[in-house]
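The block underneath contains the structure these notes are about, expressed in structure tokens.
The values are calculated or read from the model by the stated rules, or taken from the named source; none is laboratory data. Predicted model, so just to flag it, every value in this text is computed and none were measured. So basically every Cβ, Gly included, is an ideal-geometry build from the backbone, and we count neighbours across all protein chains shown. The accessibility values were calculated without ligands, DNA or RNA, using every heavy atom of the protein model including side chains. Shrake-Rupley method; radii C 1.70, N 1.55, O 1.52, S 1.80 Å.
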Amino acid sequence: MPAFRTLDDASLSGKRVLCRVDLNVPISDGVVTDATRIERVVPTLREIMDKGGALIVLAHFDRPKGKVVPEMSLKPVAMALEKHLDRPVRFVFTDWRDAPKVDVKPGECVLMENTRYHPGEEKNDEAFSKMLASLGDIYVNDAFSAAHRAHSSTEGIAHFIPAYAGRAMEAELKALQLALETPKRPVIAIVGGAKVSTKLDLLGNLVKKVDALVIGGAMANTFLLAQGYGVGKSLAERDLVETARKILRTAEDSKCAILLPLDGIVAKEFKAGAESHDYGIDAIPADGMILDVGPLTIDRVASAIDDAHTLVWNGPLGAFEIEPFDQATVAAAKHAAERTKAGKLVSVAGGGDTVAALNHAGVAESFTYISTAGGAFLEWLEGKPLPGVKALEVTT
């Protein structure tokens, strides 16, 4: 990963600082119901203000598709941001059709209206990028979760004024670098979820970078079919069996060990408390569904974690949302957390289901780093360039 500029490289005093953050938070009846994304950017915003920067916050909310949609206004978020920042936040409405006049003094903060009200935002329109850049002297991007999009406020603006990574962006980039770019080996990856089809690029990239890859969730069933096992009525993508075989061959060529389930927790119906039994993977009943991996597999995953110095995790091992099919995910998560707390493992995880699963297991805070970036985290794992990150790189 190339070097990138951070706030340590920026002179903030007396400067108008445009800071792009992710404030796309859930709102119910005009109230923010989950402020996690707000909390993550507070350190960057406070630092800019404390160092004498005149802070202008940019963000998007939902998908208004270039139109002014009142229910997609950032105004309710301004109140939540003010609460968590513990500083006054002035909201500035604009439809972005003309450059707004923004009066902000050093140490003050304003939150601009939804950048996606402008039709050029998602098109990375040069004119809109210039308009945004005209509002500030320097640009700070603290929205890794939007870094996979080449939009005016995430990439285009960086072509016109000096650009830097905020503290949350910096922490994310360093964690990702530690996980796959310059990891301490051996490296193990855990990849789960429902469908192979959504993670083909991810698997194709990981088998070339990690020493062992655990495949769980319903997507493991497709790989079991590729190895000639029956999976009963389990969710599987039978049209991707040959694709799974190709991934297995690539892994073998790359000397990456693929760890598939040895046993499965099988039920005849998918519902909470359904009667279930553990079966060896060569004895799955024709009328059964594999909804979690079994104890033999849990032990195998734990041993693989014990052998590793670095863990990258994306996706649960089973249908963790419904008991008792959360046991494998919880057990593996707790084991990884214990190894991390003991200083024996660097653990980096991300993806919506993954974060939910680790929170369910009560261990999210024990991992080295948890990414809430969703699509950007996945695209980074897939080895794809992220435009918003590339715009921050130091060029020679």
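Values as computed for the structure displayed
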item	result
Convex hull of Cα atoms in segment 292-364, direction-averaged projection (nm²)	4.1
Helical mean residue ellipticity (222 nm; -39500 (n - 2.57) per DSSP H run of 4+; nearest 500) of the chain	-9000 deg cm²/dmol
Percent carbon-and-sulfur accessible area, the chain, ignoring ligands, DNA and RNA, probe 1.4 Å	50
Amide H within-cut-off set for Val140, under 5 Å, with H built and near neighbours excluded	Leu18, Cys19, Arg20, Tyr164
Accessible surface, per residue, of segment 267-310 when the full set of protein chains is kept, probe 1.4 Å, Å²	53
Sorted peptide list for 159-166, 275-282, 209-216, criterion being average Cβ within 10 angstrom, highest first	209-216, 159-166, 275-282
Debye-sum result for the chain in log10 I(q)/I(0), which assumes one identical scatterer on each alpha carbon, at q = 0.06, 0.13 Å⁻¹	-0.27, -1.04
Efficiency of FRET between His84 and Arg249 - r from beta-carbon atoms, R0 41 angstrom, step 0.05	0.25
Amide H partners (placed H, <5 Å) of His60, local residues excluded	Leu23, Thr115
In Hz, Karplus ³J(HN,Hα) per residue of segment 127-135 (6.51, -1.76, 1.60; θ = phi - 60°; x = Gly, Pro)	5, 5, 4, 5, 4, 4, 4, 5, 7
Nonlocal amide H pairs with Phe4, under 5 Å, H built at 1.01 Å	Val394
Square roots of five times the Cα gyration tensor eigenvalues for segment 216-302, Å	23, 15, 9
Label point distance in nm, Arg185-Asp306, each placed 7 Å from Cα along Cα→Cβ	2.3
Gap separating the Cα centres of segment 253-312 and segment 320-396, nearest whole Å	20
Segment 1-135: radius of gyration over Cα atoms, expressed as a fraction of 2.2 N^0.38 Å	1.03
Using θ = phi - 60° and Karplus 6.51 cos²θ - 1.76 cosθ + 1.60, couplings along segment 383-390 (whole Hz; Gly, Pro as x)	x, 8, x, 10, x, x, 7, 4
Relative intensity, log₁₀ I(q)/I(0), of segment 67-157 from a Debye sum that treats every alpha carbon as a point, q = 0.16, 0.21, 0.25, 0.26 Å⁻¹	-0.70, -1.22, -1.51, -1.52
Candidate lysines for bridging to Lys174, where Cα separation is under 18 Å - those fewer than 8 sequence places away on the same chain excluded	Lys184, Lys209, Lys384, Lys390
Karplus 3J(HN,Hα) series, Hz, for segment 218-233 with 6.51 cos²θ - 1.76 cosθ + 1.60 (x for Gly, Pro)	5, 5, 5, 5, 5, 6, 5, 4, 5, 9, x, 8, x, 10, x, 9
